[in-house]
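Enquirer: This is the structure I want to talk about, given as C-alpha cells.
The values are calculated or read from the model by the stated rules, or taken from the named source; none is laboratory data. Keep in mind it's a predicted model, so treat the numbers as computed, not measured. Neighbour counts are summed over all protein chains in view; Cβ atoms, including those assigned to glycine, are modelled from backbone coordinates with ideal geometry.
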Amino acid sequence: MDGFNHTHAINVRFKDIDVLGHVNNAVILTYVESARVPFLVALDIRSPRAGVGDIAFIVAHINCDFRQPIFYGQKVEVGTRVSRIGKTSLRLDHRVEADGELAAEGYCVLVHFDYATQKSTPVTPEMVRKIEAFEGKKLGAAA
C-alpha cells in the first residue's frame, strides 16, 4: 500500500456483515483499531506503567470516510501511518482497502496519557525519534 510502512490484514467475519450484506460501518472502525494496536507495538513507543501493553496513548478523536462497501470474502488491509506529532498527541492516518481498492479512509488523534494522574503528558523525544525512523521522515518534534 503506497505511503504506508505498516499494513495489517483483516479477515472479514460473517458476523461483520449487516442486513444490507456488507461490512457494517462501525465494524470498519474496529478494523482500524485492530491495525492501530500492532502499529503502535511496531513503533516500540512504550511508556512505563501505561497499562495494556505499556502503550500510553488514548483515542481523542476519530473520523472515517466510507468510499465503497466491503463484502464477505474480500481481502482487506488497513494501512496506518503517523502524519503529525504534536506536543502531547499523534495523528494517525488510516487507509482501508478491499481487494486493493480504497474502501475507507480517515484519521485519529491519539493523546499520550498518564493513567496514574489521568492527564495528558508530552510525547518524549525518544518517541519522536522512533516514529520518524519508522516513517522515514521528519514529522515535527514535540516541544
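Enquirer: Is it the case that some residue within the stretch 9-27 is within 19 Å of Ile131 (Cα to Cα) and of a type outside the set (Asp, Glu)?
Expert: No, because not a single residue in the stretch 9-27 is within 19 Å of Ile131 (Cα to Cα) and of a type outside the set (Asp, Glu).
Enquirer: Looking at this structure, is Ile62 part of a strand (DSSP E or B), in contact with a Leu (Cβ under 8 Å, 6 or more places away or on another chain), within 18 Å of Val109 (Cα to Cα) and at pLDDT below 95?
Expert: no
Enquirer: Checking the conditions here, which among Ala56, Ala103 is of a type in the set (Gly, Ala, Ser), touching a strand residue (DSSP E or B) at 6+ places or on another chain (Cβ under 6 Å), surrounded by 17 or more Cβ atoms within 10 Å (Cβ to Cβ) and at pLDDT below 95?
Expert: So the residue among Ala56, Ala103 that is of a type in the set (Gly, Ala, Ser), touching a strand residue (DSSP E or B) at 6+ places or on another chain (Cβ under 6 Å), surrounded by 17 or more Cβ atoms within 10 Å (Cβ to Cβ) and at pLDDT below 95 is Ala56.
Enquirer: May I pose another question? Pairs only if they're at least six apart or on different chains, beta carbon under 6 angstrom, first in the stretch 99-111 and among the aromatic types (Phe, Trp, Tyr), second at pLDDT 95 or above and assigned to a strand (DSSP E or B); list them, first residue then second.
Expert: Sorted first by the residue in the stretch 99-111, then by its partner, the pairs are Tyr107/Arg91; Tyr107/Asp93.
Enquirer: What pairs come out if I take residues in the stretch 25-42 that are of a type in the set (A, V, I, L, M) and pair them with residues that are crowded, with 18+ Cβ neighbours inside 10 Å and assigned to a helix (DSSP H, G or I) whose C-beta lies under 6 Å away, six or more apart or interchain?
Expert: That search, which allows pairs on different chains as well, returns Val27/Asp16.
Residue-wise test of (1) at pLDDT 95 or above; (2) in contact with a helix residue (DSSP H, G or I) (Cβ under 7 Å, 6 or more places away or on another chain).
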site: Ala9; (1), (2): yes, no
site: Val12; (1), (2): yes, no
site: Ile17; (1), (2): yes, no
site: His22; (1), (2): yes, no
site: Val27; (1), (2): yes, yes
site: Val32; (1), (2): yes, no
site: Val37; (1), (2): no, no
site: Val41; (1), (2): no, yes
site: Ser47; (1), (2): no, yes
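Enquirer: Considering only residues that are out of contact with any His (no Cβ under 7 Å at 6 or more places or on another chain) and among the polar types (S, T, N, Q), which ones fall in the stretch 52-88?
Expert: Correct list: Asn63, Gln68, Gln74, Ser83.
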